[in-house]
Every structure is written in C-alpha cells, then in structure tokens.
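Notes for the one structure printed next.
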Amino acid sequence: PDSFGFSGNLPQIMRKSGIEVFVTHKVVWNDTNEFPLHTFIWRGVDGSEIPVQVLVTSYNETLTPVSVDRYWSIYKNKDAVPFLVYSYGYGDGGGGPTREMLEYIDLINAMPKIPRVDHINEERYVESIKSYLNNMPVWNDDLYVEVHRGTYTTNLPVKEYMARAEIAIREYESIASMAEMLKVSRYNKEEIDELWKLVLFNQFHDVLPGSSIKEVYDDSISDLSKVVESSNTAFTSYAKSIITAKGSRGRGAAVFNVLPWRRKEVVKIGKGLGVPEGVECQETVDGYYLYLEAPPTGYKGYRYLETVCRASEGVKMYEQPDGIVMENGYIYLKIDSNGNLSSLVLKKENLEMLKAPSNKLVAHPDRPGRWDAWEVTDEFLTQGEEMKIIEGPTITERGPLVACVDVVKGVGASTIKQSICLYKDSPAIEVRNRIVWREKSLLVKAWFETSLSSRKAIYDIPYGVIERSTLRETSWERARFEVPAVRWAEIYDDKAGLAIIAPSRHGYTAIENRIALSLIRSPLHPNPWSDLGEFETVYYIYPHSGDYSKANLAKVVQEKLFKLKVIEDIVVSEPEVSLLSIEPEAVVLGAFKKSEDGRGYIIRIFNPYRDVKVVTIRFSVPILKAVETNIIETESYRELTIESGNTLKVELKPLEIKTIEIQL
C-alpha cells in the first residue's frame, strides 16, 4: 500500500480480515529519522501482531545484479530473517517486468557473492515468514511516515464531501437495516454497494490527500455529492415507510436517531409547519431551534400544534466592556474583542481551561518547495501572523437553546467567518466556518493555549486511539510536528482535557500545553486552483474533567457526526419506535448493515477505551442466531448465547473490534 503512513490499529484490522503478512515501502521515505527495521513484528494499539517486511529501496526495482546486491546490502535484519521480498518492474503507472529483467534471473543466481533470487507464491512466502516469527524484533507504535504531512489538510472540499459521504451512507445502511428488520421495506444492497464503491474509489491515495489535478476533483466532488444526495433521499424514503407502516396518529414530525442510545439535542427546522407539541423552542430568523428527543436506533413522533415558541432557561449571554460572555450549566465562555476565546471555565470544577486567548487563527508561511500539495514544513512553529479582526464579535443568537457570536477575520484578500455557538445542556462549543479563500502559500491553523500540564496528546485513528508525546524531546517526537487524526484529538493532564472534534479536518499539532487544528492551505502544484473559493467546515471544542474515557469522548463525537434527523409534515405513527439499543453508551457502533451473504445483519462494535467493556445488545425483534465473524464476514469465530430471545452480552477487550452477524 502506498498510503502516507499506517494507523496503529491496522494490525487488528488486518488480522481480522484474513491478512497474515504486511509488506510496505513508504516508511523508508522518512525525512528526519531512518526507520530502524526492515523485518519485524508490528504490535498494534490493542496488542494484535502482524509480521511486516519493508521494500528497502523501491517497489520499481530493475532486477539487475547491481540492484539485487544493493537491495540486500541495505537490508537491516538479514541475520534474524535471511530473506526479503523484492518488487521489480515498471510500476506507479503500470508496465510490469520486461523480458530483460526476467532473463537476468539465471545470471544473478550464477554469480558469486550476490544473493539468490527466487520466484515464490504467496503461500510459500507466508509460511516462510511464520517460521521466523520468534527471531523478529517488535515495533510498538503506528507507522508514522515523516513526509507528506500536508495531505492531512490539502483540498478542503474533497475531505468535507468525503466526511459527509461516509456519514450519509452509514445512515442509509442503518435505516435500511431497520426497515427490513421491521418488515416494512427491502434493504437496497445493490445501490448501497454502488455508493460504497464510489466512496472507496475516491479514497485512492492521490485523490483524498488533495494531491491530484483539478479535473480529478471535478469528478470526485460529483461522485461524493451523488453518495450524499442518494443516501439522504433513501433515508427519507425508508423513514417514511417505517412511519406509515405503524399506523396513524395525526399530522406532525418524526425524529430519527441512528445511534443505539437515547439522546436529546437541539435541531434546527424551517418555519411554516408549526411547532411540535411539548417541545422547547427558540425562534430564529429563518426557522426554529427545537430541543428534541429520540429513542435508540428508532424514532419519536411529535404532533404539530399552533403554540407559542418558548423554552426554559438554558444558555445565558451578556456583553462586557472587553468581550461577550456565554454560559450554560457546564461552561463559562468569554470571547474577547479580537474574536478569540479569552476564558473557558468548567463551572462544576471551577477550572479555567485556557492560559491565553485561544481559537486564534494564525496564517503561517507554507512554502515546502518540492511536493507542494503533499508537504508542510515546521516553519509554522516559529513563523506566522494572526489573522486580523474585520467584523465583530457580534451576537447573532441569544438563547436560551442556542447562543451564537459571529466573528470575521482576514488575511490578504481572504476571510474566515466563524459562528461560535453554545447549546443548552452541552459543554461542546460549535465553531462553524465560512471560508472565502484567495491566498497561496499560507497554512491557517486554529491555536489553543491551555492551562493543562500536558505531556501527551491522544488521537482518533481508524477504529482506535493512539497517544503521542507533546514534549519534542527526541528527533522522533520533533519530526511529528504535524500528525493525523480521523475525527478528533485532545491534550490532557491528570485533571482535565481539551478535545477538538473536526469531522473533515485531519491535521494537528500538539506541543506541551498547546494544540492546533489545521484549517486550510492552498498549494500551487499540481492543482493551481486547489482550495480557492468559498467553503464551509465545522469543528467543536469539548472541554472536560478527567480523561477522555471518563468524559465519554467517543459518545460525544458520534453525536456530532450522526445528528438527529427530522422528517416533517407527515402522518405520525406510534409515539415511539426503537429497534436496537447498546449499553454502555461508551461503545461505538461501527456498522449496522445487511450481511454480505444476505442471510442476516451485521453489528460491528468497537471499544475505544483502555478498560474491558461488557456490552449488552438488545433488539425489539426476536433473534434466531448470533455469530461472531471476522471483519470481512468470511470466517465464523463462535456462536453467541441469546438471552430472553433478543439480547446478547459481549465482552470487548480494550480497543477491540467485534463483528456480529444476526439472523432473525
């Protein structure tokens, strides 16, 4: 694989997908530290292990005597494992081996002092690796590649659409599974598979990183827009089929929740249809904010009433000479006259989280020279200019459900308008960004300087989390001046933590008590139009006491990704319908879909924390059979005991993924 680094939970994912050996090349691209191993055991964050061999010079070797001799001389672990995979031919564009390369084999094997080369099949290669497992050193970390760090940020639109597409298709799978299990509609596997293939195709390693030409993104945005639109249309259709199948109760709205726990959140709807019965409401210019509730993996029905829009106390807002204050039951937040966060207090703990004005937008020089779209250099650690305040801060929503302050900042001919919002009963601060960008050779980061005594930061990786030092004490730590995360990252100490949740922004810097999120960069090569135009993206600031486990950060993140969805102006069915619940709420539901063999449904769950979780999975319909399988559903591990006809109890080890097939 030619991706620019490999996440720390990949050993578990590979092991549970039938992969027995991992071969890569990219780690030899490091720009600061020479990777110390060429054959080793890679131990993932959960403890899973997989043997790895590294193509030590290239995946396009020429199969000449000189090439083979040089390859073997560079190989570091020849004493422990006396063979190494060698990849030859014209690649990275196609072509394969030539006749001359193949004819060199006999010559190489006849020459003295040159390693012998031998064509082997996969089975023999895997068995050979297995016979030397006890000799291999162990690597306990992700495979961070010290190069191409700019790809975490480059091309905001493709990353934004990818995040939306991944969320929308997951919602489509969930509602389609729910509808079929309730026997009201058929699961459209053909369309879902087609949409997933569009998503996966656009995750190719020069599309999603933002390092392709303009025409690629014209196609990619079209593909991903189709995924979002088709998934949202299907969601509405399936939702209405579930509602109409359950009978009639009166005209109103239904609020759907695809997550497997009961939740309540503020949702915005348009005007014109009235206000649902018994719901707290805040009127705004173009609609209503409603405080709505929904059961686990199901919906709650609301009837419309002609009533006054009102809500009980929630978010307070008031102006001071040096800024604007917003507060709710959890936090006190002050925005200064420059539009920065000058104070953020956890009220119950009386703990000030910030050491200096934060959420500071800084435009750093971004001139990597070579590999423009791919790279960022560490210039931003010492150079940069704070973006100037142009408008605001201005109050746009006063509560009690939602309070917002707008701020516009600029650099050159470009602006970023931020809407900083606080919601009732939530410690998470929403920062909506409307970006009008016309600059080149700048990297904008949002910096937070906290009061935490931080030595570590923790990052979201695919189906896992990983810790990285914030201290920069070694060359390995200093090389990680920009690191990736999928949806969130946080710094913390023994008292509290500050998390940044960013669905489509993936580049972070964490140094001691400071953390920064990369918002936008606009390289010249290979796409001069990259990141020029108008864009929208959102991130959340989540301060909390305790560590990320005590704060149940994974639950908060899931609720920011998978919002409650309101289906309006319908004949509402039963007051409430719920199909599936999972406890504890700390567990992440990674998939709820039809099984690949079509005989059942897949529940994939993941424990994002470092303690064992005993999980209860409960359906509202009877279960015939439940089997734990591998991730790709080709191998059954064990049959699970069904309690009371519809309930499973499953133990999840720290950071463990489990895939369960349910048959009705």
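The values are calculated or read from the model by the stated rules, or taken from the named source; none is laboratory data. All of these numbers come straight from a predicted model, not from anything done at the bench. All Cβ positions, even for glycine, are placed from backbone atoms using ideal geometry, and neighbour counts span all protein chains on display. These area figures cover heavy atoms from the full protein model, side chains too; ligands, DNA and RNA do not enter into them. Shrake-Rupley method; radii C 1.70, N 1.55, O 1.52, S 1.80 Å.
Looking across the range 634-648, the residues that are part of a strand (DSSP E or B) and open to solvent by less than 50 Å² (accessible area, probe 1.4 Å) come down to 647, 648.
Mind listing just one residue for me: the one in the range 5-49 that is under 24 Å from residue 208 (Cβ atoms) and among the aliphatic types (A, V, I, L, M) and, of those, surrounded by the fewest Cβ atoms within 10 Å (Cβ to Cβ)? Taking the candidates together, the pick is 19.
Find the residue count for the range 180-204, including only residues that are in a helix (DSSP H, G or I) and in contact with a Phe, Trp or Tyr (Cβ under 9 Å, 6 or more places away or on another chain).
Count: 5.
Among 185, 174, which is more than 26 Å from residue 71 (Cβ to Cβ), at pLDDT 95 or above, in contact with a strand residue (DSSP E or B) (Cβ under 6 Å, 6 or more places away or on another chain) and of a type in the set (Ser, Thr, Tyr)? Just one listed residue meets the conditions, 174. Taken over the range 285-334, the residue count meeting the criterion of being polar (S, T, N, Q) and surrounded by fewer than 17 Cβ atoms within 10 Å (Cβ to Cβ) is 3. Given the structure, is residue 631 surrounded by 15 or more Cβ atoms within 10 Å (Cβ to Cβ), of a type in the set (A, V, I, L, M, F, W, C) and farther than 29 Å from residue 556 by Cβ? No, not satisfied. Taking residue 350, is it of a type outside the set (A, V, I, L, M, F, W, C), surrounded by fewer than 19 Cβ atoms within 10 Å (Cβ to Cβ) and either over 14 Å from residue 386 (Cβ atoms) or in contact (Cβ under 8 Å) with a residue 12 or more places away in the chain (or both)? Yes, satisfied.
Within the range 200-217, if we keep just the residues that are open to solvent by 80 Å² or more (accessible area, probe 1.4 Å) and modelled with pLDDT of 95 or more, the residue that is nearest to the chain's Cα centre (by Cα) turns out to be 200. Residues in the range 611-626 that are open to solvent by less than 80 Å² (accessible area, probe 1.4 Å) and more than 28 Å from the chain's Cα centre (by Cα): 620, 621, 623, 625, 626. The number of residues in the range 126-142 that are surrounded by 11 or more Cβ atoms within 10 Å (Cβ to Cβ), of a type in the set (Ser, Thr, Tyr) and part of a loop (DSSP other than H, G, I, E, B) comes to 1. Restricted to strands (runs of 3 or more DSSP E) entirely inside the range 544-609, those with at least 2 residues that are of a type in the set (A, V, I, L, M, F, W, C) and at negative phi are 565-572, 580-583, 588-594, 601-606. Within the range 71-104, the set of residues being in a helix (DSSP H, G or I) and open to solvent by 30 Å² or more (accessible area, probe 1.4 Å) comprises 72, 73, 74, 99, 100, 102, 103, 104.
All of (1) surrounded by fewer than 20 Cβ atoms within 10 Å (Cβ to Cβ); (2) in contact with a His (Cβ under 9 Å, 6 or more places away or on another chain) hold for residue 597 with one exception: (2). Going through (1) touching a Leu at 6+ places or on another chain (Cβ under 8 Å); (2) open to solvent by 20 Å² or more (accessible area, probe 1.4 Å) one by one, residue 473 falls short only on (1).
For the range 368-408, a residue qualifies if it is open to solvent by 60 Å² or more (accessible area, probe 1.4 Å) and on the phi > 0 side of the Ramachandran plot, and the qualifying residues are 369, 371. Comparison of 220, 241, 237, 177 shows that the only residue that is among the hydroxyl-bearing types (Ser, Thr, Tyr), under 22 Å from the mean Cα position of the chain (by Cα) and assigned to a helix (DSSP H, G or I) is 220.
So which residues in the range 50-70 are buried (at least 21 other Cβ atoms within 10 Å of the Cβ) and basic (Lys, Arg), if there are any at all? Of everything in the range 50-70, nothing turns out to be buried (at least 21 other Cβ atoms within 10 Å of the Cβ) and basic (Lys, Arg). In this structure, does residue 279 turn out to be farther than 17 Å from residue 578 by Cβ, without any contact (Cβ under 8 Å) to a residue 60 or more places away in the chain, surrounded by fewer than 19 Cβ atoms within 10 Å (Cβ to Cβ) and of a type in the set (A, V, I, L, M)? In short, no.
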